Amino acid sequence: MSRLLIRGARLLGAEAADLLVDDGVIREVGSIRAGGDVEVLDADGLVALPGLVDLHVHLREPGREDAETIATGSAAAAAGGYTAVFAMANTSPVTDTAEAAERVLDLGRACGLTQVVPVGAVTKGLEGAELAELGLMARSRAAVRVFSDDGHCVHDARVMRRALEYVKTFGGVVSQHAQDPRLAGPDACCHEGEVSGRLGLTGWPGIAEESIVARDVMLARHTGSRVHVAHVSTAGTVEVIRWAKAQGIDVTAEVTPHHLALTTDLLAGYDPVYKVNPPLRPTEDVEALRAALADGTIDAVATDHAPHARQDKEHAFPDAAFGMLGLETALSVVSEVLVRPGLLDWAGVARVMSSAPARIGGLTAQGRPLSEASPAHLTLVDPDREVTVDAAESRSRSRNNPWHGRTFRGAVEATVYGGRVTYDRGATSRTHRPLTTASTPGADL
Amino acid sequence: MTKHLISSADLSRAEVEDILETAASMHDLQRREVKKVPTLRGRTIINFFFEDSTRTRSSFEIAGKWMSADTINLSAKGSSTSKGESLRDTAMTVDAMAVDALVIRHNASGACHQVAQWVRCSVINAGDGTHEHPTQALLDAYTLRTRLGDLDGKHVVIVGDLTHSRVFRSNVITLKTLGARVTVVAPPTLMPSGIGAWSAADGFATSWDLDAVLDGDDTVDAVMMLRVQRERMSGGYFPTAREYTVGYGLTRDRLDRLVARNDDVLVLHPGPMNRGLEISPEAADAPQSVVLDQVSAGVAVRMAVLYHLLAGDDTPAPAVAATTPSSTHASPPATTATTEGAAR
């Protein structure tokens with residue numbers, strides 16, 4: 001594998017340094033005078049972060065390759081700065097067997113743009129009744145550690161209890177889509193509040209999430225197991241998690257970029273692009289989520305990237321599919337709503353978008369410090385570049401992009417996965433030239 | 001006047017009054033032997049009903065026909081499911097036939113709003129899910145004004161399943177537009193979410209106690225009873241029909257108390273009525289009841305809406321000019337019928 005020299009990147013936004021990557025590993029950090037056969041990535045003024053890790057994406061393959069494939073989803077991930085993504089199990093067929101998990105793993109590897117990590121279903125067919133073969137998925141080549149029925153809540157307390165007990169044996173975690181189906185059924189599509197009342201849309205009350213999270217943290221305490229709360233959307237859930245962590249309960253949580261930035265009033269135009277589950281919430285919730293991410297109550301940002309074919313979104317609002325794109329815009333959203341207002345610094349971004357999600361998902365080679373001997377997964381960010389999102393330019397196969405037309409400051413410039421450049425915005429202007437000044441005396445790599 | 005009528009909020013007070021005045025002329029026409037006017041000759045109106053309806057669809061159909069438009073009824077129950085044709089495809093297919101107006105009834109809130117963004121023709125909301133039903137609010141306002149005159153300061157009480165009522169949502173807007181004071185009454189389970197902030201922002205009152213409102217200091221000028229669907233019981237919104245009636249029905253006793261305080265009080269119901277549940281037979285058939293007036297006003301008001309949306313400045317000259325030399329936006333077509341000497 002060829003060598004890569006990343007020049008002048010500000011590590012976690014701090015001091016600038018050069019990074020020399022060889023054979024997929026960071027070999028040297030400092031002031032490097034490179035020579036010989038080396039590809040150079042000029043990162044002057046850019047912030048270097050460990051490669052981003054997304055605990056929650058939907059890549060739709062197998063089953064809905066018209067909406068996304070592992071290849072297009074991987075390309076979107078790379079463009080968003082991600083070097084690992086956890087692919088949710090609600091495909092067709094469902095990832096509820098070792099074979100299905102290995103298939104996703106292999107498709108991801110063949111693509112090679114990002115580490116595609118299959119999430120296993122908690123229950124067979126996501127039906128919430130019988131446990132899927134959690135142990136066989138864990139023992140498979142895919143080494144599944146994160147289990148989720150995402151899209152559905154594991155609402156039966158006994159099933160949830162058994163799942164939590166069972167995954168302890170192999171250090172697994174259950175990622176819960178918290179939605180009490182009796183309080184928020186399949187028709188629930190708008191945050192229950194003044195907006196849903198006025199629009200006549202079926203309400204999705206915060207309590208439907210909070211009550212499940214409250215139950216689950218108690219189940220985690222009871223079983224001594226580990227629970228992860230997917231897409232936290234309310235201030236009430238934040239309170240429950242904060243309390244649970246203070247008790248020493250092993251709970252982690254993620255929040256999506258859209259719940260950090262978009263609010264329920266966007267639904268006033270009945271545009272299904274804003275239909276997502278859990279729904280967009282009021283400003284008070286958004287502010288509580290930002291604060292919780294900053295203070296560590298919420299551990300990670302996860303996109304819940306949910307591509308949909310056009311025809312599945314062009315229905316009346318209540319009939320349209322839930323979900324929105326997120327992989328390519330996540331870093332820019334976090335930069336805009338957390339870094340620029342001073343709630344997080346770049347080291348904080350590395351925590352919530354890389355090291356914490358890697359730890360939660362059990363990925364030992366991801367989210368590592370930018371230091372010698374770490375695997376070369378990293379993301380280069382221009383903290384000052386303004387981007388205006390254009391849905392048409394997405395690498396995703398779908399266009400259900402709620403960020404279209406919005407402008408953010410801070411954007412991914414390049415992504416390095418396993419020592420290979422998987423995305424480089426400036427690829428056409430910034431030449432990856434072999435260093436012809438290789439004859440520089442003393443250059444010895 | 002806007003191109004579409006999606007929400008009651010689309011209409012200013014002047015526009016509502018304009019429509020209601022036109023409706024009065026139309027209402028006169030309705031009482032004639034020959035009811036047809038040529039105003040919308042050559043125009044095509046599609047009544048696209050994704051949900052069952054009897055009175056709304058027939059009144060739109062009659063309204064269009066009496067104005068000489070070609071009206072076509074399409075029923076597409078069930079085609080709104082995500083497995084069928086997308087709403088966008090359905091809307092654009094109909095629009096591609098170069099129709100002038102789409103009258104839409106849909107079981108999904110917001111459907112008309114969405115369709116209006118995809119098509120070139122006018123879109124008229126004939127009821128979208130649990131969102132709005134603006135022509136119902138207009139015909140209710142017409143009925144109220146016929147009996148009460150100017151609605152400024154009049155106190156209208158709306159009672160029933162507010163959560164699932166598009167009639168309530170449109171009425172509360174139009175009544176406020178016309179200056180009425182509105183109180184809405186329902187058990188907490190049938191109050192829309194966020195009603196506290198909503199009512200504060202839009203200036204109407206809410207109560208869980210019907211008797212307190214009816215017997216309160218603020219004399220009631222009209223009470224509008226909303227239909228309560230019996231299936232709401234299985235949804236746990238209230239325990240039994242009997243309990244609902246005791247708490248929120250317009251019983252004979254409540255009617256007597258209302259009339260004792262104000263002989264001119266009006267009783268409205270958008271229909272179809274559940275006699276014995278939300279409204280007693282005595283109340284439904286009382287002299288104070290204007291339920292049939294509402295139905296009668298339905299055609300006239302819908303004619304007025306079609307007129308204002310379709311016979312605007314861009315009305316092709318021949319259809320109107322040939323028969324109504326003085327027809328302009330300001331002179332409703334019923335005038336024409338009069339000049340033609342249509343028999344009464």
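Starting from the Cα of B:D70, move 7 Å in the Cα-to-Cβ direction to define the label point; list residues of the range B:36-51 whose amide nitrogen is under 19 Å from there.
B:37-49
Can you give me the long-range amide H partners of B:F48? Hydrogens built in the peptide plane at 1.01 Å from N, cutoff under 5 Å, separation of 5 or more residues or another chain.
Distant-sequence amide H within range of B:F48: B:L74, B:V103, B:I104, B:R105.
Could you tell me what percent of the DSSP beta bridges with both partners in the protein assembly as shown are antiparallel, to the nearest 5? Spell out each step's value before the answer.
Numbers: 30 of 96 bridges.
For the protein assembly as shown, the DSSP antiparallel bridge percentage is about 30.
From the square roots a ≥ b ≥ c of the eigenvalues of the alpha-carbon gyration tensor of the range B:134-293, which class results: rounded (a/c under 1.5), prolate (a/b over b/c), or oblate? Each step should come with its number before you reach the end.
Details: a/c = 1.44, a/b = 1.12, b/c = 1.28.
Rounded shape, in that the Cα axes give a/c under 1.5.
When only C-alpha pairs under 8 Å and at least 6 residues apart count, what is the relative contact order of chain B, in percent? Walk me through the numbers before you get to the answer.
Working: 634 pairs, mean separation 75.4, N = 344.
Normalised by residue count, the contact order of chain B is 22 percent.
Please state the relative contact order of the range B:134-293 as a whole percent: Cα pairs under 8 Å, 6+ residues apart? Mind showing how you got there, number by number?
On the way: 263 pairs, mean separation 37.1, N = 160.
Relative contact order, the range B:134-293: 23 percent.
Hey, which aspartates and glutamates would be in cross-link range of B:K36, C-alpha to C-alpha under 14 Å, not counting anything within fewer than 8 residues on its own chain?
B:D28, B:E61, B:D70, B:E340
List the trypsin sites (Lys or Arg not before Pro) within the range B:6-85 that DSSP assigns to loop and that have no more than 13 neighbouring Cβ atoms inside 10 Å.
Numbers: sites: B:R13, B:R31, B:R32, B:K35, B:K36, B:R41, B:R43, B:R55, B:R57, B:K65, B:K77, B:K83; in loops: B:R31, B:R32, B:K35, B:K36, B:R41, B:R43, B:K77, B:K83.
The qualifying sites are B:R31, B:K77, B:K83.
Going by amide H atoms built from the backbone, whose H comes under 5 Å of the H on A:V117, apart from near neighbours?
A:V85, A:F86, A:A87
Considering only DSSP states other than H, G, I, E and B, which GluC sites (Glu not before Pro) in the range A:1-49 qualify as loop sites with at most 14 other Cβ atoms within 10 Å? If you can, show how the numbers build up before the last one.
On the way: sites: A:E15, A:E28, A:E39; in loops: A:E15.
Qualifying residues, ordered by number: A:E15.
Starting from 0.36 nm per residue, how many nanometres of slack lie between A:E99 and A:A291 once their C-alpha separation is accounted for?
On the way: separation 192, 0.36 × 192 = 69.12 nm, distance 4.08 nm.
Result: 65.0 nm gained on full extension.
Determine, from the Cβ-Cβ distance of A:K168 and B:R252 and an R0 of 51 Å, the FRET efficiency 1/(1 + (r/R0)^6), rounded to the nearest 0.05.
Working: r = 66 Å, r/R0 = 1.30.
The value I calculate is 0.15.
Counting other beta carbons within 10 Å of each Cβ, put A:C111, A:C189, B:C112 in order, fewest first. Numbers along the way, then the final one.
Values: A:C111 19, A:C189 25, B:C112 31.
Ordered by Cβ neighbours within 10 Å, fewest first: A:C111, A:C189, B:C112.
Cross-link partners among lysines for B:K154, C-alpha distance below 28 Å, same-chain residues fewer than 8 apart left out?
B:K176
Going by how many other Cβ atoms sit within 10 Å of their own, how do A:F170, B:F48 line up, fewest first?
Working: A:F170 15, B:F48 25.
Neighbour counts put them in this order, fewest first: A:F170, B:F48.
Please give the charge dipole size of the protein assembly as shown, origin at the Cα centre, charges +1 on K and R Cβ atoms and -1 on D and E Cβ atoms. Round to the nearest 20 debye.
Values: 77 positive and 99 negative charges, 188 e Å.
Charge dipole, the protein assembly as shown, about its Cα centre: 900 debye, nearest 20.
With a cut-off of at most 12 other beta carbons within 10 Å, and DSSP calling the residue loop, which trypsin sites (Lys or Arg not before Pro) in the range B:144-211 qualify? Please list them.
On the way: sites: B:R145, B:R147, B:K154, B:R166, B:R169, B:K176, B:R181; in loops: B:K154.
The qualifying sites: there are none.
For chain B, the longest stretch holding no GluC sites (Glu not before Pro) located in a DSSP loop with at most 15 other Cβ atoms within 10 Å is which?
Numbers: sites that count: B:E33, B:E340.
The longest uninterrupted stretch comes out as B:34-339.
Could you please state, rounded to a whole Å, how far the C-alpha centre of the range B:140-198 is from the C-alpha centre of the range A:112-177?
With the range B:140-198 and the range A:112-177 each reduced to a Cα centre, they are spaced 50 Å.
How large is ³J(HN,Hα) for each residue in the range A:50-64, as worked out from phi by the Karplus curve 6.51 cos²θ - 1.76 cosθ + 1.60 (θ = phi - 60°), to whole Hz, x for Gly and Pro?
x, x, 6, 10, 10, 6, 8, 9, 10, 9, 6, 10, x, x, 10
Sort out for me the Cα centre separation of the range A:294-357 from the range B:22-97, rounded to whole Å.
44
Under the rule a/c < 1.5 gives rounded, and otherwise a/b versus b/c splits prolate from oblate, where does chain A land using the Cα gyration tensor? Before the final figure, lay out the partial values.
Values: a/c = 1.76, a/b = 1.51, b/c = 1.17.
Cα axes put chain A in the prolate bin.
With springs only between Cα atoms under 10 Å apart, run a GNM on chain A and tell me which of A:E413, A:E68, A:E99 wobbles the most.
Largest GNM mean-square fluctuation: A:E99.
Roughly what angle does helix A:235-246 make with the longest principal axis of chain A, taking Cα atoms, 0 to 90 degrees, to the nearest 10?
Taking Cα atoms only, the helix is inclined about 70 degrees.
Pairs of alpha-carbon atoms within less than 8 angstrom and 6+ residues apart define the contacts here; what relative contact order does chain A have, in percent?
21
Using a 10 Å cut-off on Cβ to Cβ distances, tally the other chain neighbours for every residue of B:104-111 and report the average as a whole number.
Details: counts 0, 0, 3, 3, 10, 12, 13, 6.
Averaged over the peptide's residues, the number is 6.
In whole Hz, what ³J(HN,Hα) sequence does the range A:210-222 give by Karplus (6.51, -1.76, 1.60; θ = phi - 60°), x for Gly and Pro?
Karplus values, whole Hz, x for Gly and Pro: 4, 5, 5, 5, 4, 5, 5, 5, 6, 5, 5, 5, 5.
If you take the beta carbon distance between B:S58 and A:A392 as r and set R0 to 60 Å, what does 1/(1 + (r/R0)^6) give as a FRET efficiency, to the nearest 0.05? Display every interim value, and only then the final one.
Details: r = 46 Å, r/R0 = 0.76.
Efficiency, rounded to the nearest 0.05: 0.85.
Whole-Hz Karplus ³J(HN,Hα) for the range A:25-33, in order, using 6.51 cos²θ - 1.76 cosθ + 1.60 and θ = phi - 60°, x for Gly and Pro?
Listing the rounded values in order: 10, 6, 8, 8, 10, x, 9, 10, 9 Hz.
Take the Cβ-Cβ distance between A:E284 and B:L148 as r, set R0 to 30 Å, and report the resulting FRET efficiency rounded to the nearest 0.05.
Working: r = 42 Å, r/R0 = 1.40.
After rounding, the FRET efficiency stands at 0.10.
Return A:H315, A:H152 ranked ascending by Cβ neighbour count within 10 Å, so the fewest neighbours appear first. Mind showing how you got there, number by number?
Details: A:H315 26, A:H152 19.
Taking fewest neighbouring Cβ atoms as first place, the list is A:H152, A:H315.
Return the long-range amide H neighbours of A:R3 (sequence gap of 5 or more, or a different chain), with a cut-off of under 5 Å between placed amide H atoms.
Hits under the 5 Å cutoff: A:E39.
Any chance you could give the angle, 0 to 90 degrees and rounded to 10, that helix A:98-111 forms with the longest Cα principal axis of chain A?
The angle comes out near 30 degrees.
Counting only other chains, what is the mean number of Cβ atoms within 10 angstrom of the Cβ of each residue in peptide B:114-124?
Values: counts 9, 1, 0, 3, 1, 0, 0, 0, 0, 0, 0.
Rounded to a whole number, the mean comes out at 1.
Label the range A:295-380 by shape, choosing from rounded, prolate and oblate, from the square roots a ≥ b ≥ c of the eigenvalues of the Cα gyration tensor; if a/c is under 1.5 it is rounded, and otherwise prolate applies when a/b is larger than b/c, oblate when it is not.
Numbers: a/c = 2.58, a/b = 1.86, b/c = 1.39.
Taking the square roots of the gyration eigenvalues as a ≥ b ≥ c, the range A:295-380 is prolate.
Quick check for you: which residues of the range A:88-104 have the amide N under 19 Å from the point 7 Å beyond the Cα of A:A365 toward its beta carbon?
From the range A:88-104, the list is A:101-104.
Modelled label-to-label distance, B:D89 and A:R340, 7 Å Cα→beta-carbon offset: nm?
If labels sit at B:D89 and A:R340, their model points lie 4.0 nm apart.
So for the pair B:R120, A:W243, with labels modelled 7 Å out along Cα→Cβ, what separation do we get in nm?
Modelled inter-label distance: 6.0 nm.
Which is the longest run of chain A containing none of the trypsin sites (Lys or Arg not before Pro) found in DSSP loop states (not H, G, I, E, B) with at most 14 other C-beta atoms within 10 Å? Write down the numbers at each step before the final one.
Numbers: sites that count: A:R33, A:R141, A:R182.
It runs A:183-445.
Laboratory data are not the source of any read-out in this text; all were calculated from the coordinates shown. Everything numeric here is computed off the predicted structure, so don't read it as measured data. Note that we place each Cβ from the backbone using ideal geometry, even for glycine, and neighbour counts take in every protein chain shown.
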